[in-house]
Structure formats: C-alpha cells, structure tokens
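Written out below as structure tokens is the structure these notes cover.
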Amino acid sequence: HDSGGDTTRNRLLADKKAKQLDYMVRDRENGSVEAMGHYWTEYADQSLNHALRASWGETKQASRFIPADMAEGEPVPGLFVLGLGKLGGFDLNFSSDVDLVAFYDADSVPVPAFVGRTDITARVLRTFTQTIDGHKAGAFVWRTDWRLRPDPSVTDLSMSTEAGEDYHFYRAAPWRRLAMIKARVVAGDKEAGQNFLRSLHPYLWRRHLDFSMIQEIAYLKSRIRRQTT
C-alpha cells in the first residue's frame with residue numbers, strides 16, 4: 001500500500017516518462033535550444049509545484065496544528081521555492097539537476113508561531129525533496145541541489161523572508177548576487193515569492209559599487225573565464 005508521498009512520486013515519475021518521450025520527439029523535429037529549454041523548465045515548474053502541494057498535505061496530516069485543506073489549485077500560502085541557475089533562467093536541459101532555495105513569509109504561512117514555522121516548513125521541504133529526488137540509487141523526478149541556500153552548513157532547508165533579507169543585505173558573499181540574479185519562483189506562493197525578490201532588488205542591482213566590490217567582480221569574472229576555457 002503506497003503512502004501519499006509514494007503515490008505522488010509514482011505519478012510524477014510516470015508523467016516524466018511521458019514528458020521525456022515528448023521532449024525527444026520535439027528535439028528530433030529540430031526544436032531550438034531556447035524552445036527546448038522553455039519546454040523542460042515549464043514542465044519542471046509544474047511538477048515541482050505539484051510535489052510541494054502534496055508534501056504540504058502529507059505534513060499536515062502528521063500535525064494537528066496545520067489548518068484545513070487548501071482549495072484546489074491554491075498554492076501553499078506563504079511558502080515558496082526559488083529556482084536558480086538553469087531552472088531560474090528558463091534554460092533547463094534534459095539532464096539538468098535543479099538548484100533550489102526556499103523561504104516562507106511568517107505573516108501568511110498558516111503555521112502558529114509557537115509550533116515553529118521554520119521547523120514545519122523545513123519538514124515539508126524534506127518531504128518534497130524525498131518525493132522528487134528519492135534515494136540516490138533509485139529513480140528520481142529531479143536531482144535536487146540545495147547547497148546555494150544561505151549558510152547551508154548551519155541552516156535548514158527553510159528560512160523566513162525576514163531572515164533571508166537580513167542575510168543577503170548584510171552577510172552574503174558577493175558571488176551570491178550573481179546566483180540570485182536568475183532567481184525565479186518555481187513552486188508555492190508566487191505572490192509571496194515575488195514580493196521577496198522585489199525586496200532584494202537593491203541588493204542585486206546596487207547603484208554604487210565600492211572598490212572591494214569591483215575587485216570581487218573582477219575576481220569572479222577571471223575565475224569564470226578560467227573554468228570555461
């Protein structure tokens with residue numbers, strides 16, 4: 001008997017097989033690189049969003065503190081996942097993994113403060129990761145990489161938007177600005193996610209650069225050039 005998570009996983013795996021066949025047909029018909037990237041990225045968004053909703057529902061069943069069911073098609077309130085890299089830039093290819101970062105808006109996520117919003121949302125994201133990635137030896141929907149999240153060695157998968165803003169403005173390394181330029185909401189509450197990205201706009205697109213920042217950009221540029229030549 002499948003659990004809810006196993007059922008979702010099996011459905012997503014079956015759907016991906018069909019999408020892979022369609023991808024290969026489109027590729028043989030000389031689909032452009034840009035069109036193929038958009039097609040595969042849009043499918044990734046759809047499957048990731050479905051997995052996140054299902055993971056929220058599964059976590060909700062194990063906690064009496066998470067409120068009633070969401071309406072059909074409604075996103076997980078306040079919780080969102082950002083796609084970076086190829087996923088964020090709409091150029092995901094057939095073998096790409098997905099670079100993910102997640103945040104929640106404390107004012108709208110339906111978890112009481114005394115329960116621990118970071119704990120509950122991180123639990124949802126661990127279920128989400130298991131659903132789409134699973135065990136390394138088995139089938140997977142998407143290979144996931146959470147290492148671009150803030151301070152990955154000491155933080156859980158989830159962080160509040162307030163803590164995320166504080167991190168990016170005061171503690172993030174300069175290379176993170178480049179990583180976040182492609183950030184895009186790929187699952188969950190799009191409105192909350194877009195509000196968060198707008199709040200980071202002054203961080204990503206600074207009006208003035210000091211000397212140390214210019215040096216760091218030059219260093220990153222030379223490092224990229226060395227690794228791509």
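The values are calculated or read from the model by the stated rules, or taken from the named source; none is laboratory data. Because the structure is predicted, anything quoted here is derived from the model rather than measured. Here the Cβ positions follow ideal geometry from the backbone for every residue, glycine too, while neighbour counts run over all protein chains shown. Surface accessibility is based on the protein's heavy atoms, side chains included, excluding ligands, DNA and RNA. Shrake-Rupley method; radii C 1.70, N 1.55, O 1.52, S 1.80 Å.
The trypsin sites (Lys or Arg not before Pro) of region 81-138 meeting both criteria, a DSSP state outside H, G, I, E and B (loop) and at most 13 other C-beta atoms within 10 angstrom of the site's C-beta, are Lys136.
Listed cross-link partners Lys19/Lys60; Lys17/Lys86; Lys60/Lys182; Lys16/Lys190; Lys17/Lys190; Lys60/Lys86 are compared with a 25 Å cut-off, the Cα-Cα value being larger for Lys19/Lys60; Lys60/Lys182; Lys17/Lys190; Lys60/Lys86.
In order along region 151-165, the phi-based Karplus estimate (6.51 cos²θ - 1.76 cosθ + 1.60, θ = phi - 60°) of 3J(HN,Hα) comes to 6, x, 6, 10, 10, 7, 6, 10, 8, 5, 5, 4, 5, x, 5 Hz; Gly and Pro are listed as x. Residues whose amide H falls under 5 Å from that of Leu92, counting only those 5 or more places apart or on a different chain, are Thr41, with hydrogens built in the peptide plane. Along region 80-88 the Karplus relation, 6.51 cos²θ - 1.76 cosθ + 1.60 evaluated at θ = phi - 60°, assigns HN-Hα couplings of 8, 10, 9, x, 10, x, 5, 5, x Hz to successive residues, with x for each Gly and Pro.
How many percent of the accessible area of region 71-211 is carbon or sulfur, using a 1.4 Å probe? Carbon and sulfur together cover 54 percent of it. What the phi angles of region 91-105 give under the Karplus curve with 6.51, -1.76 and 1.60, with θ = phi - 60°, is a coupling list of 10, 5, 10, 4, 10, 5, 8, 10, 8, 10, 9, 10, 9, 9, 8 Hz, glycine and proline written as x. For region 72-171, the solvent-accessible area with a 1.4 angstrom probe is 45 square angstrom per residue. Judged by the mean number of other Cβ atoms found within 10 Å, the most tightly packed of the peptides 55-63, 34-42, 14-22 leads the ranking 55-63, 34-42, 14-22.
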